[in-house]
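As structure tokens, the structure follows; a few thoughts come after it.
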Amino acid sequence: MERTFAIIKPDAVERKITGKVLAKIEEAGFSIVGMKKIHLSKAQAEGFYYVHKERPFFNDLCAFMSRSPVVVLVLERENAIAKWREVMGATNPANAEPGTIRKEFGVSIEENSAHGSDAPETAAFEIPYFFSQLELV
Ligand code: IDP
């Protein structure tokens, strides 16, 4: 069993499709071991996306991620990190496979509805950024 970290991003929560994304998560065989709705501050978004701080879209991305609430999740299943990235689809919804979350729900390369850890080291940073041990069941 492996755990990964996921976010249902502001664009999806704003459009009230949180439930549709959760349905895809459960249909893909993940157990939700942690879940909460939070409204990130700009500084908290910057801390989360610290590795992207030199990228040209960093400021816009952090403004987007803090403009309204998100749902943060810890997901568990075999091969969870790779599987969740497959279920989300490519970063740019235009390039994502049919049936993926980003293809079905993404608005743009920035407002692409979902986040997922890209490696075990990333998940090991991202999960405790948002959740304590006691919040994971
Ligand atoms: P990922 O989320 O698929 O792992 P990353 O390259 O790590 O993609 O980028 C993090 C997030 O930054 C993306 O999910 C997207 O919201 C945003 N992003 C990535 N590339 C661009 C871009 O070229 N313009 C604007 N936003 C971008």
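Could you check the stretch 1-81 for helices (runs of 4 or more DSSP H) lying wholly inside it with 2 or more residues that are farther than 21 Å from Gly99 by Cα, open to solvent by less than 40 Å² (accessible area, probe 1.4 Å) and in contact with a Phe, Trp or Tyr (Cβ under 9 Å, 6 or more places away or on another chain)?
By residue number, 42-48, 58-65.
Specify which of the listed residues (Asn95, Asn112) is modelled with pLDDT of 95 or more and more than 13 Å from the chain's Cα centre (by Cα).
Checking each option against the conditions leaves just Asn95.
Does Phe48 satisfy the condition of being on the phi < 0 side of the Ramachandran plot, away from the ligand (no atom under 11 Å from the Cβ) and in contact with a helix residue (DSSP H, G or I) (Cβ under 8 Å, 6 or more places away or on another chain)?
In short, no.
When you scan the stretch 88-124, how many residues do you find that are aliphatic (A, V, I, L, M), more than 11 Å from the ligand (Cβ to nearest atom) and in contact with an Asp or Glu (Cβ under 9 Å, 6 or more places away or on another chain)?
Number satisfying all stated conditions: 1.
The values are calculated or read from the model by the stated rules, or taken from the named source; none is laboratory data. Computed from a prediction, not measured in an experiment: that's the story for all the values here. Reconstructed Cβ throughout: ideal geometry from the backbone, glycine too, with neighbour counts over all protein chains shown. Each accessible area value is taken on the protein alone, full model and side chains, heavy atoms only, with ligands, DNA and RNA left out. Shrake-Rupley method; radii C 1.70, N 1.55, O 1.52, S 1.80 Å.
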